[in-house]
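The values are calculated or read from the model by the stated rules, or taken from the named source; none is laboratory data. Everything numeric in this text was worked out from a predicted model, so none of it was measured. Note that each Cβ is placed from the backbone with ideal geometry, even for glycine, and that neighbours are counted across all protein chains shown.
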Amino acid sequence: MNLTDTVRRVSSSDRSSIQGRAYYAVYGLVLAVSVSLWFTAIRYPLGLDETGSYRQISSGFSEIWSRQNITFPAYSYILWLSAKILGTSEVALRIPSVLAMLGAVYLLYLAARELFEPDIAIIASILFCLHPIVIFESIDVRPYAFAALATNAAILILVRLRRNNSNWLALLLGLSAACIVWFQYLFTAIVPAIVLCLFVVKNGDRKALWRQAGVALAAFVLAFLPVIPGLHYLFSTARAHVFELAPRLGDLLWTLAPGFLPLIFGMTALIAAVIARSDQQIHFQRWQVLLCASLALIPILILYGVSVGTSIHMFTPRHRLVAIPGIALCWALILSPFRSRAVRLLFCVAFVSITAYPYYNSPLLRGHSYTWKYALEAAEKSASADNAPVLICSDYPESDYEAMPLDSAKDSPLFAQLSYYKLSVPVVPLPRALNDEAVRVGSRFLQDAARKHERFLAVAVKPSYGTLNWLTQSAAATYSVSNMGEFDNIAVLEFVPRSVVAASR
């Protein structure tokens, strides 16, 4: 080799190194933009379920266990500790979920590095970050970000078991699989996928497979024992927790391919086909295909099948989070045949740009879940003038199956919003639906209020508007009713005795 060839090779290597650093700098920027979408709604007031999480820690560490209902308190203890350090503002309560989701992104990247090239692994992480369900749950004051963290930890351990026969690693797999259920019972749907994937990755070493499977199973069973009572309660009262309609096929397809992802992928595939060499062939390893497809399809099809085939509808977006890591890996897998690094980067930049634009330009996407804050503020401002009582319809479907807690409504899990957005006036609780309990409690209250010539307010979310109509009709003879407004689809009505209205004229 002469000096000229050596110089050319060194020069080519330098150019390649500079180009590679430039690519990864762009990937880093794109990843930062992806994560920044999480924070567009971080200051938004707490939603109903988020106030439920706050209620579980509001009376201190010693009361957390007794305040659990259908969830295991793993997340509540984390939230309590975080609140002690950071405070209880909306932003402070959301920081644990943000940190957990960041950890989930990193663990998914590490798992993807075991499966793909580095830039494809980064793309898998970005696809995970940009899924609308991940964007929502990354700041949700609920345990779902921690469930995603545990899920991605299990996936990382799973792929590393392919080349590792350690019993300790198998033990960690069993523990991490159980931790998934600690944070969300319905994420149990991914456990069959983890079991199948273990057999897939260890298929070449049956002796190690059965030994490690036994260790993982033993660890899972022992760690799973504490959640059995909660699971039993959940399934024995399943009908009381249903509030969603049966899912549509479009919901499933949107979860698998959200937004413009299929279109951008199709355009990228066309570009890749134009510039690819004619002799280039696509090769997928069988175990990689089975692993990614199992992690994506098994949990989401279990949730979808149960929701379509039974009256227990569990296909809510937050429950679908269990399949998002597998879905991101599947898209990374089908992107991996694009050999051109420029084409891969083009796909990533295009997808991030198109996804990010509406989040920074649409006020609707800068919100989180609907909140009771503004309706309760309006009720407090009006009612506090004369200590007028406020009738509130619960926003939880469980309230339709229980007697109303007349003496402790403000501390009831059925009215968790009052634990964070407080009312200083008396509260009269009503069920979510207009049922016998609502009529009984409402009729008794109207009789007392009419006898006292007492002004009162009524507050309800849309599913309870039937109760507001019934109250209006039942009180029509003695009360004048005015609509104070709707605040985030929560109506506030004012009931003033007609005798008071006549006297003021």
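Overview of results
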| quantity | calculated |
| --- | --- |
| Where residue 333 falls short, out of the listed (1) buried (at least 22 other Cβ atoms within 10 Å of the Cβ); (2) modelled with pLDDT of 90 or more; (3) more than 25 Å from residue 267 (Cα to Cα) | (3) |
| Qualifying positions in region 389-404 - acidic (Asp, Glu) and touching a residue at least 40 places away in the same chain (Cβ under 8 Å) | 395, 398, 400 |
| Condition check for residue 193: farther than 30 Å from residue 66 by Cβ, at pLDDT below 90, hydrophobic (A, V, I, L, M, F, W, C) and surrounded by 14 or more Cβ atoms within 10 Å (Cβ to Cβ) | no |
| Near pairs, Cβ below 6 angstrom, 6+ apart or cross-chain, from region 465-482 (closer than 15 Å to residue 434 by Cβ) to any residue that is among the basic types (Lys, Arg) and modelled with pLDDT of 95 or more | none |
| Candidates 21, 55 - the one that is touching a residue at least 40 places away in the same chain (Cβ under 8 Å) and not hydrophobic (A, V, I, L, M, F, W, C) | 55 |
| Residue that is farthest from the chain's Cα centre (by Cα) [pool: residues in region 343-365 that are more than 18 Å from residue 32 (Cβ to Cβ) and without any contact (Cβ under 8 Å) to a residue 12 or more places away in the chain] | 361 |
| Hey, residue 460 in the same structural domain as residue 395 (by TED's automatic domain parsing), at pLDDT 90 or above and part of a strand (DSSP E or B) or not | yes |
| Yes/no for residue 89 being assigned by TED's automatic domain parsing to the domain that holds residue 178, hydroxyl-bearing (Ser, Thr, Tyr) and modelled with pLDDT of 95 or more | yes |
| Residue in region 385-403 that is under 30 Å from residue 234 (Cβ atoms), assigned by TED's automatic domain parsing to the domain that holds residue 136, modelled with pLDDT of 90 or more and crowded, with 17+ Cβ neighbours inside 10 Å present | no |
| Single residue of region 429-457 satisfying the filter (basic (Lys, Arg) and part of a loop (DSSP other than H, G, I, E, B)) that is farthest from residue 399 (Cα to Cα) | 455 |
| Close pairs from region 428-447: first not assigned by TED's automatic domain parsing to the domain that holds residue 401, partner surrounded by fewer than 15 Cβ atoms within 10 Å (Cβ to Cβ) and in a helix (DSSP H, G or I), Cβ under 9 Å, at least 6 apart | none |
| Flag if residue 107 is touching a residue at least 24 places away in the same chain (Cβ under 8 Å) and either surrounded by fewer than 19 Cβ atoms within 10 Å (Cβ to Cβ) or within 15 Å of residue 157 (Cβ to Cβ) (or both) | yes |
| Test result for residue 382, at pLDDT 90 or above and under 21 Å from residue 133 (Cβ atoms) | no |
| Those residues of region 315-330 which are surrounded by 20 or more Cβ atoms within 10 Å (Cβ to Cβ) and not charged (D, E, K, R), in sequence order | 315, 319, 321, 322, 323, 324, 325, 326, 327, 328, 329, 330 |
| Any hit, region 225-243, residues being modelled with pLDDT under 80, assigned to a loop (DSSP other than H, G, I, E, B), more than 16 Å from residue 158 (Cβ to Cβ) and in contact with a Ser or Thr (Cβ under 8 Å, 6 or more places away or on another chain) | yes |
| Residue in region 368-378 that is outside any helix (DSSP H, G or I), out of contact with any strand residue (DSSP E or B) (no Cβ under 9 Å at 6 or more places or on another chain), farther than 19 Å from residue 483 by Cβ and of a type outside the set (Val, Ile, Thr) present | no |
| Where residue 413 falls short, out of the listed (1) out of contact with any Phe, Trp or Tyr (no Cβ under 7 Å at 6 or more places or on another chain); (2) touching a residue at least 60 places away in the same chain (Cβ under 8 Å); (3) farther than 26 Å from residue 318 by Cβ | (3) |
| Search result, residues across region 372-402 that are of a type in the set (Phe, Trp, Tyr) and under 18 Å from residue 465 (Cα atoms) | 372, 374, 396 |
| For residue 94: the one exception among (1) closer than 22 Å to residue 375 by Cβ; (2) surrounded by fewer than 20 Cβ atoms within 10 Å (Cβ to Cβ) | (2) |
| Failed item in (1) closer than 23 Å to residue 303 by Cβ; (2) free of Cβ contacts under 8 Å to residues at least 60 places away in the same chain; (3) crowded, with 19+ Cβ neighbours inside 10 Å, with residue 172 passing the rest | (1) |
| Filtered residues of region 305-314 (kept if surrounded by fewer than 22 Cβ atoms within 10 Å (Cβ to Cβ) and in a helix (DSSP H, G or I)) | 305, 306, 308, 309 |
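Table: residues versus (1) small (Gly, Ala, Ser); (2) over 30 Å from residue 342 (Cβ atoms).
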site: 27; (1), (2): no, no
site: 73; (1), (2): no, yes
site: 85; (1), (2): no, yes
site: 112; (1), (2): yes, no
site: 119; (1), (2): no, no
